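The values are calculated or read from the model by the stated rules, or taken from the named source; none is laboratory data. Treat the numbers as computed from the prediction; the structure is a model and nothing was measured. Here the Cβ positions follow ideal geometry from the backbone for every residue, glycine too, while neighbour counts run over all protein chains shown.
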Amino acid sequence: MEIAETIREYGEWFYVITFIWTFLEGETFVLFAGLGARQGILRLDLLILFAWLGSFCGDQLYFWIGRRYGNALLRRFPRWAPGVNAALDLLRRYNTWFILSFRFIYGVRNFSSFAMGTSGLSWPRFLVLNFIAAGVWAVTFAGTGYIVGATFEHLLGDLALAFGVVMLAIFVTVITLITRAQKRRVESPPMGAAPIPVRVENDIRG
């Protein structure tokens, strides 16, 4: 299949692409790559490693941006404030559990690391929990893609990869539409000026 041959052709570069993609976002990409690992065109362990590192490094950068420039950016882009406020509210309520799970929460995940950077959350605490969370995320999505690939292979034989690509394409489309709808809802500015979250220095530290 053409897509599979493309992955084989790029070889080790595909893992670099995985790092870059997951640095920015990319669970659907990791799902597809997990399916490719089941087909033997990628190594599952390297896929998980590069997805883990990419996701971890990306969110560390967003945390730093929030810590260093958060309030200034929110004044310049007030439409971000509702999403940031939503993430901070979840952080206040659930603290450690939110840090471990924010990658799985559509609608606020894009704001979460940045938002946590604007809070009083300490660097070491976020670094350790973010490293654990990135690993769980990488294993979950790469493993899901791998299991889906195994299921398709068992049911469809040689047609497994083609069918898997179609199903993942449908999944990507649905998730993209849901994410955009949620993002529009979160970013819709309220009546009047959007509130700018203040730094939280008391109940977030742990």
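Key figures for this structure:
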{"quantity": "Within the stretch 80-136, considering residues that are polar (S, T, N, Q) and within 17 Å of the chain's Cα centre (by Cα), the one surrounded by the most Cβ atoms within 10 Å (Cβ to Cβ)", "calculated": "SER112"}
{"quantity": "Residue tally, condition over 17 Å from ARG43 (Cα atoms) and out of contact with any Gly (no Cβ under 9 Å at 6 or more places or on another chain), over the stretch 117-145", "calculated": "12"}
{"quantity": "Residue match in the stretch 34-50 (condition: farther than 29 Å from ILE147 by Cβ, at pLDDT below 95 and in a loop (DSSP other than H, G, I, E, B))", "calculated": "no"}
{"quantity": "Top-ranked residue of the stretch 8-25 - restricted to ones that are over 27 Å from PRO124 (Cβ atoms) and hydrophobic (A, V, I, L, M, F, W, C), ranked as farthest from the chain's Cα centre (by Cα)", "calculated": "TRP13"}
{"quantity": "Residue in the stretch 40-48 that is under 29 Å from THR118 (Cα atoms) and buried (at least 23 other Cβ atoms within 10 Å of the Cβ) present", "calculated": "no"}
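Table: residues versus (1) of a type in the set (S, T, N, Q); (2) in contact with a Phe, Trp or Tyr (Cβ under 7 Å, 6 or more places away or on another chain); (3) over 20 Å from SER122 (Cα atoms).
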position: GLU27; (1), (2), (3): no, yes, yes
position: VAL30; (1), (2), (3): no, yes, yes
position: ALA33; (1), (2), (3): no, no, yes
position: GLN39; (1), (2), (3): yes, no, yes
position: GLY54; (1), (2), (3): no, yes, yes
position: GLY66; (1), (2), (3): no, yes, no
position: LEU74; (1), (2), (3): no, yes, yes
position: PRO82; (1), (2), (3): no, no, yes
position: PHE102; (1), (2), (3): no, no, no
